[in-house]
Amino acid sequence: MSNSTIADRMYDSLADQIIRGTLPPGEKLRQDHIAKAFDTSHVPVREAFLKLEAHGLAVSLPRRGTRVSELDTAELREITEMRAALEVLALQHAGMQMTSADLHRAEEARKACDAAEDLPTWEARNRAFHRAILTPCHMPRLLGTIDDLHIASARHLLANWKSGWVQREDRDHAAILTLLRRRDVTGACELLRRHLRKADRISLR
């Protein structure tokens, strides 16, 4: 297995732990321990750390090493507004290019999201649904920025959720897909904007 492949696998594992809060804000990421856990050298560990930093999940501090980045609740509104602007932009371009296969994938992602039995599973599947409806825009730089915003939103949600979890149907998701099937991209974009602006309120419940 190449160093890049190991680094990607390591990044996926560490990112998931950071998003779920298993690795809390401020936690030091120790190269030796992580290299040993993955039975590898320090080279892919450093690659994984750089990727974590690029996605806002870690910071490298002089004389303090690489640590999990802190959460700033003040930034949640900014994240929400950025998502509302950028996801709507992506959906404007994706909506008219969606094939029946794209819509089928989005519908399967919607059903999986609704079937989630706990909050971390729902959060991951919710991100997958949003990615499914936006990917047909074929704008990789825009999608990369949205992915980073999804990660930031996920960390806030999982850190701040106070209520118990109840399995639920997301009616907004279903309605967005109905509008996309009708090629009512304008309506789908407006509903998506309203849907996303609930995020900061829900994340602080």
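General remarks:
- If you go through segment 8-37 and keep only what is open to solvent by 60 Å² or more (accessible area, probe 1.4 Å), under 13 Å from VAL68 (Cβ atoms) and part of a helix (DSSP H, G or I), you end up with ASP16, ARG20.
- Filter result (free of Cβ contacts under 8 Å to residues at least 40 places away in the same chain and farther than 24 Å from ALA90 by Cβ) within segment 139-164: GLY164
- Of all residues making up segment 62-81, the number that are outside any helix (DSSP H, G or I), loosely packed, with under 10 Cβ neighbours inside 10 Å and not acidic (Asp, Glu): 2
- Within segment 84-105, residues that are of a type in the set (Lys, Arg) sit with their Cβ atoms under 9 Å from residues that are open to solvent by less than 30 Å² (accessible area, probe 1.4 Å) and assigned to a helix (DSSP H, G or I), at 6+ positions apart or across chains, in these pairs: ARG105/ALA132.
- Residue among LEU142, LEU103 that alone is farther than 18 Å from THR178 by Cβ and not small (Gly, Ala, Ser): LEU142
- Residue check: THR40 meets all listed conditions (1) of a type in the set (Val, Ile, Thr); (2) part of a loop (DSSP other than H, G, I, E, B); (3) under 30 Å from ARG197 (Cα atoms) but one, namely (3).
- Contact map, segment 165-193: residues that are farther than 18 Å from GLN97 by Cβ paired with residues that are of a type in the set (S, T, N, Q) and surrounded by 14 or more Cβ atoms within 10 Å (Cβ to Cβ), Cβ distance under 8 Å, separation 6+ or inter-chain. Pairs shown: ASP170/ASN126.
- Residue match in segment 108-124 (condition: among the charged types (D, E, K, R), over 20 Å from ALA15 (Cα atoms), modelled with pLDDT under 95 and open to solvent by 50 Å² or more (accessible area, probe 1.4 Å)): yes
- If you go through segment 162-191 and keep only what is open to solvent by 40 Å² or more (accessible area, probe 1.4 Å) and either under 30 Å from PRO25 (Cβ atoms) or of a type in the set (Lys, Arg) (or both), you end up with LYS162, SER163, GLY164, TRP165, VAL166, GLN167, ARG168, ARG171, ARG181, ARG182, ARG183.
- Where SER4 falls short, out of the listed (1) modelled with pLDDT under 90; (2) in contact with a Pro (Cβ under 8 Å, 6 or more places away or on another chain); (3) crowded, with 16+ Cβ neighbours inside 10 Å: (3)
- Of all residues in segment 43-61, those satisfying the criterion of being surrounded by 13 or more Cβ atoms within 10 Å (Cβ to Cβ) and not in a helix (DSSP H, G or I) are HIS55, GLY56, LEU57, ALA58, VAL59, SER60.
- Residue match in segment 126-143 (condition: under 21 Å from GLU190 (Cα atoms), surrounded by 15 or more Cβ atoms within 10 Å (Cβ to Cβ), β-branched (Val, Ile, Thr) and under 15 Å from the mean Cα position of the chain (by Cα)): yes
The values are calculated or read from the model by the stated rules, or taken from the named source; none is laboratory data. Nothing here was measured: the structure is a model prediction, and the numbers come from that model. Note that we place each Cβ from the backbone using ideal geometry, even for glycine, and neighbour counts take in every protein chain shown. Side chains are part of the model used for accessible areas, which takes the heavy atoms of the whole protein and leaves out ligands, DNA and RNA. Shrake-Rupley method; radii C 1.70, N 1.55, O 1.52, S 1.80 Å.
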